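Working notes, structure below.
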Amino acid sequence: MTHTDCLICERIEMIHNDTNPYFVAELETGFVVIGDHQYFKGYTLFLSKQHKTELHFLESEEKKTFLNEMSIVAEAVYKAFGAEKLNYELLGNGDSHLHWHLFPRRENDSPVKGPVWWVDREEMFADEIKPSQDQLEEMKKRLYAELSKLISVANS
């Protein structure tokens, strides 16, 4: 169900319409997408299929699966993009739709040591930080390959 004022629902609708260039994979509880801006190379999101505002609003089994799948996506991001550390965030100030932000972190990857949100917003979301079409395709392939390996192991 699409909520007309929800950016995440709009992005999911684009996936259904095959018009979201950042789409990587569909899992049972959500969609994996590369972030529009790549200040932190490999920045990925995991979008819940359900338009819920809080984890505790998910049914118990759905919540367990969503959290497990998020951890698989996170591991794939870690491996695909050579992270030294991952930052995980489940935010919702602007969007009332569950979605995980997964930021691969590396030593000295930002001018200020601390959370990703301490980076100046204009710098973090500058047009120059968007991947080219070729870069995006390469990132999607790398992430999909790692996801596929982890999911096949999990299903064995």
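No lab work stands behind these numbers, since they all come straight from the coordinates. Being a predicted model, the structure only gives us computed values, none of them experimental. All Cβ positions, glycine included, derive from the backbone under ideal geometry; neighbour counts span all protein chains shown.
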Inset, instruction - Using the Cα centre as the reference, give the magnitude of the dipole from point charges on the C-beta atoms of the range 86-148 (Lys, Arg: +1; Asp, Glu: -1; all else neutral), rounded to the nearest 20 debye. - result: 260
Legend entry - Efficiency of FRET between ASP5 and LYS141 - r from beta-carbon atoms, R0 41 angstrom, step 0.05: 0.75
Legend entry - Proximal aspartates and glutamates to LYS64, defined as alpha-carbon separation beneath 19 angstrom and excluding residues fewer than eight positions away on the same chain: GLU26, GLU28, GLU54, GLU75, GLU89
Legend entry - Computed over the range 7-154: relative contact order in percent, which uses C-alpha pairs under 8 Å that are six or more apart: 27
Legend entry - Mean ellipticity per residue at 222 nm, deg cm²/dmol - from DSSP H runs of n ≥ 4 across the chain, formula -39500 (n - 2.57): -12000 deg cm²/dmol
Legend entry - FRET E, pair GLN133, PHE57, Förster distance 30 Å, beta-carbon r, rounded to 0.05: 0.20
Legend entry - Formal net charge of residues neighbouring ASN17 (Cβ-Cβ distance under 12 Å; K, R +1; D, E -1): -2
Legend entry - Reach of LYS113 by Cα under 16 Å, taken over aspartates and glutamates that are not fewer than 8 positions away in the same chain: GLU84, GLU123
Legend entry - Net +/- balance of residues flanking LEU147 in space, Cβ distance below 14 Å, scoring K and R +1, D and E -1: 0
Legend entry - Label-point gap, in nm, between LYS149 and MET14 - each point 7 angstrom along Cα→Cβ: 2.9
Legend entry - Max mean-square fluctuation residue, GNM over the chain, Cα-Cα springs under 10 Å, options ALA80, ALA145, ALA25: ALA145
Legend entry - Extension reserve of the GLU123-ASN68 stretch, reckoned as 0.36 nm per residue once the Cα distance is removed: 16.6 nm
Inset, instruction - Could you state the orientation-averaged shadow area of the convex hull built on the Cα atoms of the chain, in nm² to one decimal? - result: 9.6
Inset, instruction - Please give, to one decimal in nm, the separation of the simple spin-label points placed at LYS85 and ARG106, each 7 Å out from Cα toward the Cβ. - result: 1.6
Inset, instruction - Starting from the Cα of LYS140, draw a straight line to each of the lysines and keep only those under 18 Å, dropping any in the same chain fewer than 8 residues away. - result: LYS41, LYS79, LYS130, LYS149
